[in-house]
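For reference, the structure discussed in these notes is given below.
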Amino acid sequence: MPVTLITGGTRGIGAAIALRLAAAGHDLVLGYRADAAAAASTAETARAHGIACATVAADLTTDDGIATVFAAAERLTGVVNNAGATYRYASLAQTSPAEIRRTIEINLTAAVLVARAAVRALSTSYGGAGGVIVNVSSGAATIGSPGEYVHYAAAKAGVDTLTRGLGLEVADQGIRVVGVAPGLIDTDLHARTGDPDRIARMAPDIPLGRAGRTTEVAEAVAWLMSDAAAYITATTLRVAGGR
C-alpha cells in the first residue's frame, strides 16, 4: 500500500491530487496551514475510497512545522511537495519587500526544506525503502509573469532547479524526483488574490483555448508517481495547455 504525504493537500490542486491518489489506493497524510474545514472535507471524501487519511495543521515556513507533518507519516513511499501561495497581483516595484520575502519563503525555501525531509524519509541511504518526490512548480517559472508576480515566478523557477538537481543527486538512493508545472488552472486562487475575472480574461490566450482543471494536474501527478513513469526523474512536466 503506497503511503503519500501531500503538503497543501486539502484545497485546490492539492485536494484534487489527494482524491486522485486515494482512488489509486494511496494512504494519505495531508498537510494544511489553517483551513480546518477544508481539511476535514477533503479527508472525508478521500476516505470514501477505503484508504486511511490523516490531516496535519502545520506552518511549513518553520522547522517545527515540517517536522510535524513528517512525524505524522509512517512508511512513506511518496511526497507531493505542493504547498505554496500567491497573495496578490502586482508589478515587482509595487510589491512590498515583506510580501516578496513571504512569497519566496513558502514557495521556495519551504519547498527545499520539505524536499530535504523527504529524502531523509525515503532514501535507502537513510534506511528508507525509496520512493517518489513530486515538486509542484508553475508555468510562471518559464514565462516570468511580468506585471503579476515576478517574485513568485522566480521562486517557482527555483523549484524547477530543485527538481533537476535533487533528482540527479538521489537517483542512486531509490528516489525519483519529478515535477509538474501547472499553467492557468481554474481554482479560487484568482478571486482570493483580487482578480476574479482572470480566468475569463486569460483563457483565450491559451493555445488549447481554456483554463486547466485541477483534476488534469492530479492525473499528471498520479502518473508520475506510478510504475508507468519508473524511468522518469529529474524533470518537470508542464501541464499548461501549450502556454
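Only the coordinates and a few stated rules stand behind these numbers; no lab work does. These numbers come from a predicted model, not from an experiment. Glycine also receives a Cβ, built like all others from the backbone with ideal geometry; neighbour counts cover every protein chain displayed.
Between Ala230 and Ala129, what is 0.36 nm times their sequence separation minus the Cα-Cα distance? Round to one decimal in nm.
On the way: separation 101, 0.36 × 101 = 36.36 nm, distance 1.51 nm.
So the extension gain works out to 34.9 nm.
Determine by what factor the alpha-carbon radius of gyration of segment 55-120 differs from 2.2 N^0.38 Å, reporting the quotient. Walk me through the intermediate numbers first.
Numbers: Rg = 13.8 Å, N = 66, 2.2 N^0.38 = 10.8 Å.
Relative to the 2.2 N^0.38 Å estimate, segment 55-120 comes out at 1.28.
Kindly provide the helix-only [θ] at 222 nm of the chain, computed as the sum of -39,500 (n - 2.57) over DSSP H runs of four or more divided by all residues, to the nearest 500 deg cm²/dmol?
-12000 deg cm²/dmol
How long are the semi-axes of the ellipsoid equivalent to segment 16-101, from square roots of 5 times the Cα gyration tensor eigenvalues, in whole Å, largest first?
For segment 16-101, the ellipsoid semi-axes come out as 29, 15, 11 Å.
Lys/Arg Cβ at +1, Asp/Glu Cβ at -1, dipole of the chain taken about the Cα centre: which of Ile199, Gln173, Ala220 is farthest positive-ward?
Of the candidates, Ile199 comes out farthest on the positive side.
To make sure I understand, if each residue's beta carbon is the centre and we count other beta carbons within 10 Å, what order do Val134, Val119, Val79 fall in, fewest to most? Spell out each step's value before the answer.
Values: Val134 27, Val119 21, Val79 30.
The most exposed by this proxy come first: Val119, Val134, Val79.
So how do Tyr231, Tyr149, Tyr87 line up by other beta-carbon neighbours within 10 Å, fewest first?
Ranked by crowding around the Cβ, least crowded first: Tyr231, Tyr87, Tyr149.
Based solely on C-alpha atoms, express the radius of gyration and the Dmax of the chain in angstrom.
Rg, Dmax (Cα atoms, Å): 16.9, 50.
Let me know the charge dipole size of the chain about its Cα centre in debye, to the nearest 20, where only the beta-carbon of Lys, Arg (+1) and Asp, Glu (-1) is charged.
240
Which value, in Å³ per residue, describes the convex hull spanned by the Cα atoms of segment 1-145?
Numbers: hull volume 16.4 nm³, N = 145.
Normalising the Cα hull of segment 1-145 by residue number yields 113 Å³.
In which sequence would His26, His151 go, from the one with the fewest C-beta neighbours within 10 Å to the one with the most?
Ranking His26, His151 by Cβ neighbours within 10 Å, fewest first, gives His151, His26.
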